[in-house]
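S.K.: Shown below is the structure under consideration.
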């Protein structure tokens, strides 16, 4: 849609930073605003500049879309609740005996590695460019589902006594799995 070269340039700067359907919707609104200013008697250049000024800078538009992205919201939630879930599991590991040495060895190596990868993905979802938010939040959510599921399966296989800390850790993981599974479908849709 070629309305004015300034509008085309503006939309072009958004094209590489936002999904096509979002840019298309913005284009419709921008063209309507441009036509409104043209109807008021502004020259094509003045109408284009006024319409663009109404919409704001491309950086502002991208930042606004990123701030409200579902992936960014879930990343905040998972980063906030992560230490709480981790504290529950740490308390369960420290107070429940006997944990087989092999399980403890795996926990000491695999858990921090997996959790570090998840935290990196969550930070990308919080701070990265708009186009990476969904993918990073999806991967982090899926990673936490796997980590929590493995932890719950390990509890079941070892048949450890359900102390208060073990129950707290199992409940926290089950809740986090539920949360992640509820948001994953929204993170897999286009846009």
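Read the figures in this text as sums done on the coordinates, not as results from a lab. Computed from a predicted model, the values in this text were never measured in an experiment.
S.K.: Largest first and in whole Å, what are the equivalent-ellipsoid semi-axes of the range 27-91 based on the Cα gyration tensor, each being the root of 5 times an eigenvalue?
M.R.: Largest first, the range 27-91 gives 47, 9, 6 Å.
S.K.: Can you list, largest first and rounded to whole Å, the semi-axes you get for the range 5-65 by taking the square root of 5 times each eigenvalue of its Cα gyration tensor?
M.R.: Result for the range 5-65: semi-axes of 21, 10, 10 Å.
S.K.: Against the 2.2 N^0.38 Å scaling, with N counting residues, where does the range 69-188 land? I'd like the Cα-based Rg ratio to two decimal places.
M.R.: That works out to 1.09 for the range 69-188.
S.K.: For the range 1-149, what does the convex hull of the Cα positions come to per residue, in cubic angstrom?
M.R.: Residue-normalised Cα hull volume stands at 98 Å³.
S.K.: While we're here: Can you give the calculated 222 nm mean residue ellipticity of the chain, where each DSSP H run of n ≥ 4 adds -39,500 (n - 2.57) and the sum is split over every residue, rounded to the nearest 500 deg cm²/dmol?
M.R.: -29000 deg cm²/dmol
S.K.: Just to be sure I understand: with springs between alpha-carbon atoms less than 10 Å apart, which residue in 109, 62, 119 has the highest mean-square fluctuation in the Gaussian network model of the chain?
M.R.: Per the Cα network of the chain with a 10 Å cutoff, 109 tops the list.
S.K.: Could you give the angle, 0 to 90 degrees to the nearest 10, between helix 164-188's Cα long axis and the longest principal axis of the Cα atoms of the chain?
M.R.: Taking the Cα atoms of the chain, the angle to 164-188 is about 30 degrees.
S.K.: On C-alpha positions alone, give me the angle between the axis of helix 101-127 and the longest principal axis of the chain, in degrees, nearest 10.
M.R.: Roughly 10 degrees, rounded to the nearest 10.
S.K.: What's the angle, to the nearest 10 degrees (0 to 90), between helix 44-55's Cα axis and the longest principal axis of the chain?
M.R.: The two axes meet at around 20 degrees.
S.K.: Express the relative contact order of the chain as a whole percentage, based on alpha carbon pairs under 8 Å and six or more residues apart in sequence.
M.R.: Relative contact order, the chain: 25 percent.
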